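Asks: One structure is given below, represented as structure tokens, and several questions about it will come after.
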Amino acid sequence: MPAGRSGTSKTDAPADAMTVRGHVLDRQQTSAVKDRSPTQLVIAGAGTGKTTTLIGKVKHLVERDGVDPKRILLISLTNNSVADLRKAVDAEFGTGFPADVMTIHALGNRILRKKPCIGSQKAKLIGRLCDELVQTDRRSAEAMMTYIEGLRRTSYSYLSYNGKSIGNRGLRTVADALFRCGIDCDYTRPIYSETDSKPGFISVDDKKGLSFRIYADDPAVSAASKDPEEAWSVIRAKGVKAKPVNVNDLASNVMQAWGDKVPESLGSLISRCKCTGMSIKALLRANGRNDTAARPDAEAKIRLLDRVWDMYSMTCAEGDLADYEDMVIQSAGIVRRGGFPGKRYDAVLIDEYQDVSRILVDLVMALRGAMGFRLFCVGDDWQSIYSFSGGDIWQMFDFERIWKDWGPIKVSRIEKTYRSPRQIVDMTGRFVSKNPSQLKKSIKGIPGPRTPPVQLLTVSCDKEVAKAIANRLEYVEKDASVFIIGRTRRDLYVLGYGDGPFAFSSGDRDSGSVDLVYREYDETTKEWTPVRTLRYLTAHSSKGLEADYVFVIADRERGGFPNDVEDDMSVLFAGRGEGIEHAEERRVFYVAMTRARKRLFLVNRTSDGTALSSDSPFMGEIIADNEGMLEKSTPVCPLCSGPMMIRDSPRRPFYGCVNYPVCKGTRPFKGLRGDAASHLYDETRGFHAYSESDSDFA
């Protein structure tokens, strides 16, 4: 659900505070809204009411400064965020309020006199050009396969050449070998149920008479997971004539099976080059300085990008088409040359300033030179997570230097969050503020529950993740909103181990947002009963949203936190260092954690099975810096090392393995100390309140 609630108590509001979106602005919001400096930057924390402050500024410009609303422009970065901002404007001022609300690309296209936009057809055009290229040029086909392997290493590790997600590496390698021979296969996921376990398998049943299954627990498949050449022995044993198609056909077939994934990736790479000003020559120079073993692969990809980009540019020029980046770059050139800048503005307000690109700032600067408008920008550098699409955090870090020629600059802060409890705010702020380049701010949270609202859920392997989350969902109110957030799409699949507590409801499983159904097992009917719906989100997709309860899959597996899977193209775009390792990954983790309104659960993977250790360096920091405020997870099972849950008995409660009856491991429940000893669950939240001195966590 959208974020942005921003109510404040009367003690936080000045006497002359403005009411915006039904809320009284607090002192910092009021100060930012009333300031009349020609250039303003408002540094805002997560949940502090950025949108409310932005709308408040519009209200002040119109009602107090007499600015004609027709001469006000609000810029946001995506169509979705523009729609949300337009909705907020209409709710405050009424439908038809004449201020313009648009993306920078739409503004650029207005200056270009609505030049035909390639828009959503960009991937299809690049896909067609790539197919022509790989079918006619062997070197390009080989480079394309190198590019595809790079995508599998960084973004689509579970994806077989045939376009199907296959979690088992050995089976995926065998499926690749089959596809190289022109043979498709289906994949059946493994089953880990309350009473049984079955391995995953791939199956072939084609018109040529081939019909067989290959199971994940086959020793030959295990060998293929370590040595791809072993896959050929596996398929020959099934009667397959192992005669691979030529590389031109293979590259074309894989691109077709993968849909728009390859052309979208290449299109994003072209966009990133345009946003950052990187040319092919600059990429090659950067690769020459990149002293890694992946350098030859990177050069092959750059040469492929050069061919595709050239063909794409020629096609756009012949059709007089412009993509989103062209709209910004070309319109800035028109304005700088004295061309007609379009509608004139007296005030321009920019949302999400931490994610602006260099070319966006260049266009705004050109327009300001022609119009001289007031500039009001709102952003949170702690949430700058889009460098892969051209976002440049240094545009915010260098704000005063960039805009110094337009008179006095006011940099202010809004630091009171209306979303998360104080403990979550303190913990996440302590973590993200270790970046020495960040803009200092002191975020203040709302009063939290008596017991810590952050809990560690300790797991030792993928199969325990779903069970650990399900264990806690049993105690969440039925009408509460719930997010499960992972670093990438791949984390989604640890929730779907066959006949288990989570089932897919709706949405593309390869997207960043998927609806899930949480189910409980009915011992009487031996069936799963739907209990609630919830949403799985990648960390990037969760930005701007919030939920009552948030589970973050915080381990390092599957390219998790931090995601340091080497991308030999992205490293070529490395800009100015921020003085700390994994600076942007730290912000991505911060974004994931700060979605929680009531309670945050951190699924923590540990090899030694203890609650206060972690395989992730990020989680290691969180535990080391905040041990006193973290609510510890239940101990691990002494038999299977899985998570445990509290179970009642006629004598006294005890910890029982969540895998019961498959596993019957138990541990004694030590009870709580002091005033908490008389009850098991926190009275305000319904969760077990664990004692820090409980010996089970030693």
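The values are calculated or read from the model by the stated rules, or taken from the named source; none is laboratory data. The structure presented is a predicted model; accordingly, all values stated were derived computationally and were not measured. Cβ sites come from the backbone with ideal geometry, for glycine too, and all protein chains shown count toward neighbours. Areas reflect the complete protein model, heavy atoms only, side chains present, ligands, DNA and RNA absent. Shrake-Rupley method; radii C 1.70, N 1.55, O 1.52, S 1.80 Å.
Asks: Would you check if Asp346 is in contact (Cβ under 8 Å) with a residue 12 or more places away in the chain, open to solvent by 40 Å² or more (accessible area, probe 1.4 Å) and on the phi > 0 side of the Ramachandran plot?
Replies: no
Asks: Still on this structure, I have one more. Taking only pairs six or more apart or across chains, which ones have beta-carbon atoms under 8 Å, a first residue in segment 389-402 that is more than 30 Å from Glu264 (Cα to Cα) and among the acidic types (Asp, Glu), and a second residue that is surrounded by fewer than 22 Cβ atoms within 10 Å (Cβ to Cβ) and at pLDDT 90 or above?
Replies: Glu400/Ile409; Glu400/Val411
Asks: Here is a follow-up. For segment 19-43, which positions are modelled with pLDDT of 95 or more, in a strand (DSSP E or B) and either of a type outside the set (Val, Ile, Thr) or in contact with a His (Cβ under 6 Å, 6 or more places away or on another chain) (or both)?
Replies: Gln40, Leu41
Quick grid of which residues meet (1) open to solvent by 10 Å² or more (accessible area, probe 1.4 Å); (2) touching a residue at least 60 places away in the same chain (Cβ under 8 Å):
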position: Met427; (1), (2): no, yes
position: Arg430; (1), (2): yes, yes
position: Ser433; (1), (2): yes, no
position: Lys440; (1), (2): yes, no
position: Ile443; (1), (2): yes, yes
position: Gln455; (1), (2): no, yes
position: Lys467; (1), (2): yes, yes
position: Val476; (1), (2): no, yes
position: Ser481; (1), (2): yes, yes
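Asks: For segment 435-455, indicate whether the set of residues that are modelled with pLDDT of 90 or more, assigned to a strand (DSSP E or B) and over 22 Å from the mean Cα position of the chain (by Cα) is non-empty.
Replies: Yes, because at least one residue in segment 435-455 is modelled with pLDDT of 90 or more, assigned to a strand (DSSP E or B) and over 22 Å from the mean Cα position of the chain (by Cα).
Asks: Let me ask something additional. Tell me the helices (runs of 4 or more DSSP H) entirely within segment 46-162 that contain at least 3 residues that are farther than 30 Å from Ser225 by Cβ and among the β-branched types (Val, Ile, Thr).
Replies: By residue number, 50-63.
Asks: On to the next question. Which of the residues spanning segment 190-247 are of a type in the set (A, V, I, L, M, F, W, C), farther than 26 Å from Ile148 by Cα and in contact with a strand residue (DSSP E or B) (Cβ under 6 Å, 6 or more places away or on another chain)?
Replies: Matches in segment 190-247: Ile191, Leu210, Phe212.
Asks: Also, I was wondering about something else. Scan segment 248-273 residue by residue and report those that are open to solvent by 10 Å² or more (accessible area, probe 1.4 Å) and not in a helix (DSSP H, G or I).
Replies: The answer is Gly259, Asp260.
Asks: Go through segment 529-556 and give me each residue that's over 21 Å from Ser420 (Cβ atoms) and surrounded by 17 or more Cβ atoms within 10 Å (Cβ to Cβ).
Replies: Once the filter is applied, which keeps residues that are over 21 Å from Ser420 (Cβ atoms) and surrounded by 17 or more Cβ atoms within 10 Å (Cβ to Cβ), segment 529-556 yields Arg532, Asp555, Arg556.
Asks: Taking the conditions exactly as written (closer than 21 Å to Thr53 by Cα, more than 23 Å from the chain's Cα centre (by Cα), at pLDDT below 90 and assigned to a loop (DSSP other than H, G, I, E, B)), does Lys478 satisfy them or not?
Replies: It is false that Lys478 is closer than 21 Å to Thr53 by Cα, more than 23 Å from the chain's Cα centre (by Cα), at pLDDT below 90 and assigned to a loop (DSSP other than H, G, I, E, B).
Residues checked against (1) touching a residue at least 40 places away in the same chain (Cβ under 8 Å); (2) in contact with a helix residue (DSSP H, G or I) (Cβ under 7 Å, 6 or more places away or on another chain); (3) surrounded by fewer than 17 Cβ atoms within 10 Å (Cβ to Cβ):
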position	(1), (2), (3)
Met102	no, yes, no
Gln121	no, no, yes
Val134	yes, yes, no
Ile148	yes, yes, no
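Asks: Has segment 246-261 got at least one residue that is within 34 Å of the chain's Cα centre (by Cα), in contact (Cβ under 8 Å) with a residue 60 or more places away in the chain and at positive phi?
Replies: Yes: one or more hits.
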